[in-house]
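Let me begin by presenting the structure, written as structure tokens, before commenting on it.
The values are calculated or read from the model by the stated rules, or taken from the named source; none is laboratory data. Keep in mind it's a predicted model, so treat the numbers as computed, not measured. Because the Cβ atoms are built from the backbone with ideal geometry, glycine has one as well, and the counts that use them run over all protein chains shown. When the accessible area is computed, the model is the full protein with side chains, heavy atoms only, and any ligands, DNA or RNA have been set aside. Shrake-Rupley method; radii C 1.70, N 1.55, O 1.52, S 1.80 Å.
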Amino acid sequence: MWQAILDFVKSFKLWTIIYPNEGGVRTRLGRYHSTLDAGFYWQWPIIDEIVTLDITVQIVDLRSQNLTSLDSKPIMISGAIKYSIVDVNKAYYHVNDFDTSLRNLALTKIAIYISGKAFKDINIVELGQDIGDTVSDKVERQWGILLIDVPITDFSLCRVISLTDRKEYL
């Protein structure tokens, strides 16, 4: 019987260690209590929950997109987003999945930029800066994420082949 009681008590987490590459948020009775830096923290079982997030620089891949420019040229483009979390509280409470949200926001901005310019007027350096300028203010202010860089990794004119033009596919 004493072993069962001891096992029950051990199942409660009494402390949390937050490492130098992490930031933490303490929730007490379901409500925000405090933001935590690296260190050792005691916590009340059942009452407190401490969640940690990695605050080091991270890179998210932007998948390839096939887009059409203003002058109807088919373009394939992809890139990356380099960011870090600067406000753990906002990153945890104000956005559900920041990797996916950043990716979708950047892909949308790329599509808007490409579709609004003729092929000869597209500048990939300007595109990366435009995404950085328009997206970074929102994500830093609302999500607590610092956008460091948005490099365009692949950019090419492509050929579109439609198999539905053949009669055997109809």
Any residue that is modelled with pLDDT of 90 or more and under 30 Å from K13 (Cβ atoms) - is there at least one of those in region 57-69? yes
Boolean, S72 is polar (S, T, N, Q) and open to solvent by 80 Å² or more (accessible area, probe 1.4 Å): yes
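Residue by residue through region 115-162, note down the ones that are more than 17 Å from I77 (Cα to Cα), among the hydroxyl-bearing types (S, T, Y) and open to solvent by 60 Å² or more (accessible area, probe 1.4 Å). Don't jump to the end; show me each part of the working.
The initial filter retains those residues of region 115-162 that are more than 17 Å from I77 (Cα to Cα), namely 133-148, 161-162.
Among the residues that remain, those that are also among the hydroxyl-bearing types (S, T, Y) are: 134, 136, 162.
Correct list: T134 only.
Can you pull out the residues in region 81-100 that are among the β-branched types (V, I, T) and crowded, with 19+ Cβ neighbours inside 10 Å?
Filtering region 81-100 down to residues among the β-branched types (V, I, T) leaves 81, 85-86, 88, 95, 100.
Result: I81, I85, V88.
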Select from region 39-49 the residues that are open to solvent by less than 60 Å² (accessible area, probe 1.4 Å) and out of contact with any Phe, Trp or Tyr (no Cβ under 6 Å at 6 or more places or on another chain) and list them in ascending order. G39, Y41, Q43, D48
So V51 passes all but one of these: (1) outside any helix (DSSP H, G or I); (2) over 27 Å from the mean Cα position of the chain (by Cα); (3) among the aliphatic types (A, V, I, L, M). Which condition number does it fail? (2)
For R103, indicate whether it is outside any strand (DSSP E or B), open to solvent by 80 Å² or more (accessible area, probe 1.4 Å) and within 25 Å of E22 (Cβ to Cβ). no
